[in-house]
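Below is a structure I'd like to ask you about.
The values are calculated or read from the model by the stated rules, or taken from the named source; none is laboratory data. Nothing here was measured: the structure is a model prediction, and the numbers come from that model. In this analysis, Cβ positions are derived from the backbone assuming ideal geometry, glycine residues included, and neighbour counts consider all displayed protein chains.
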Amino acid sequence: MPGLYAEDMSSSSLACRKFGATSTTPVVLLHGFTQNADCWGPFGTEMAINHPLVAIDLPGHGGSSEVRADLPETAALLASLLEPSIVLGYSLGGRIALHLALANPELVTRLVLIGATGGIENANERETRRTSDEHLADHLEDIGVEAFLDEWLAQQLFASLTAEQAMREIRATNSREGLASSLRLCGTGTQEPLWSRLHDLAMPVLVIAGANDAKFTQLGHQLVDAIGENATFRAIENAGHSAHLENPVTTASVIETWLLDHQ
């Protein structure tokens, strides 16, 4: 396609892939758990029409499978790699995007969160989740990536994904050691709750959830309330937790319209 480029990149720490249009502010893509930089599918294709995209392999995933970093450390690694950009994070990537935006707001011109949360506020619930993620990491190491993906994608959270949308073959290229480390270091239970700090985010923020994902729709509204007037919530029809994979054209259109309104 004229005006597009594709380039595989790596830094001393995080691997990434650049593709898309050759002008305008880049959009940094931060994927979810068990995914990697190649898991953006038709949504990435839609976004690449108008934007240069930088798809990051997060620690423990893809070309960054040997990298070990928790959420603040991952944000610092990203800060060393990125220029000022529009940052888009999904699920795990959303948690990392929030840490980056709070620690280095000068690098995040606009922030897009899909299926994200500010963390578990109750300390006991947070510790329970951390312990659960630790056990899940042990289980992953015991059974291997292939069997783990069968279990992971069978969750109700991902029930509405088609086989094509799930991109299981790409997920299966991740290593058991890398994914286990991601659970232990960047799982939801490890995240110190960010809710009381979210009002510090001054850049425009778009929060997205699938209309069929009741939990993250509620969390999305809570994020917007905590951030303030610079935040907007949008629900994507005919989509669950992975809104950008289940309804890629609509999700990209919603984001493009919002970006035009917040240039």
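Checking the structure you have, find out if any residue of region 157-175 is among the aromatic types (F, W, Y) and within 17 Å of the chain's Cα centre (by Cα).
Checked against the condition, which is being among the aromatic types (F, W, Y) and within 17 Å of the chain's Cα centre (by Cα), region 157-175 yields at least one hit.
Please go through region 211-256 and give me each residue that is closer than 25 Å to N50 by Cβ, within 16 Å of the chain's Cα centre (by Cα) and either part of a helix (DSSP H, G or I) or among the aromatic types (F, W, Y) (or both), ordered by number.
G220, A243, H244, L245, E246, P248, T251, A252, I255 - these are the residues of region 211-256 that are closer than 25 Å to N50 by Cβ, within 16 Å of the chain's Cα centre (by Cα) and either part of a helix (DSSP H, G or I) or among the aromatic types (F, W, Y) (or both).
Being touching a residue at least 60 places away in the same chain (Cβ under 8 Å) and in contact with a helix residue (DSSP H, G or I) (Cβ under 9 Å, 6 or more places away or on another chain) is the filter here; which residues of region 95-109 pass it?
R95, I96, A97, L98, H99, A101, L102, P105, V108
Tally up the residues in region 194-210 that are under 11 Å from L98 (Cα atoms) and not in a helix (DSSP H, G or I), please.
Going through region 194-210 one residue at a time, the tally reaches 3.
Any residue at all in region 119-131 that's within 18 Å of the chain's Cα centre (by Cα) and modelled with pLDDT of 95 or more?
Yes, region 119-131 contains a residue that is within 18 Å of the chain's Cα centre (by Cα) and modelled with pLDDT of 95 or more.
Conditions (1) closer than 26 Å to I255 by Cα; (2) surrounded by fewer than 19 Cβ atoms within 10 Å (Cβ to Cβ), marked per residue:
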{"site": "L71", "(1), (2)": "yes, no"}
{"site": "R95", "(1), (2)": "yes, no"}
{"site": "L100", "(1), (2)": "yes, no"}
{"site": "E125", "(1), (2)": "no, yes"}
{"site": "L149", "(1), (2)": "no, no"}
{"site": "L161", "(1), (2)": "yes, yes"}
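Of R171, R184, which residue is among the basic types (K, R), free of Cβ contacts under 8 Å to residues at least 60 places away in the same chain, surrounded by 15 or more Cβ atoms within 10 Å (Cβ to Cβ) and closer than 19 Å to G93 by Cα?
From the options R171, R184, the qualifying one is R184.
Taking L179, is it buried (at least 17 other Cβ atoms within 10 Å of the Cβ) and modelled with pLDDT of 95 or more?
Considered against the rule, which asks whether it is buried (at least 17 other Cβ atoms within 10 Å of the Cβ) and modelled with pLDDT of 95 or more, L179 comes out as yes.
Name, by its number, the condition in (1) buried (at least 16 other Cβ atoms within 10 Å of the Cβ); (2) closer than 23 Å to W40 by Cα that does not hold for G189.
The single condition G189 does not satisfy is (2).
While we're on this one: Would you check which residues across region 155-176 are farther than 13 Å from G63 by Cα and assigned to a helix (DSSP H, G or I) and list them?
Residues satisfying the conditions are Q156, L157, F158, A163, E164, Q165, A166, R168, E169, R176.
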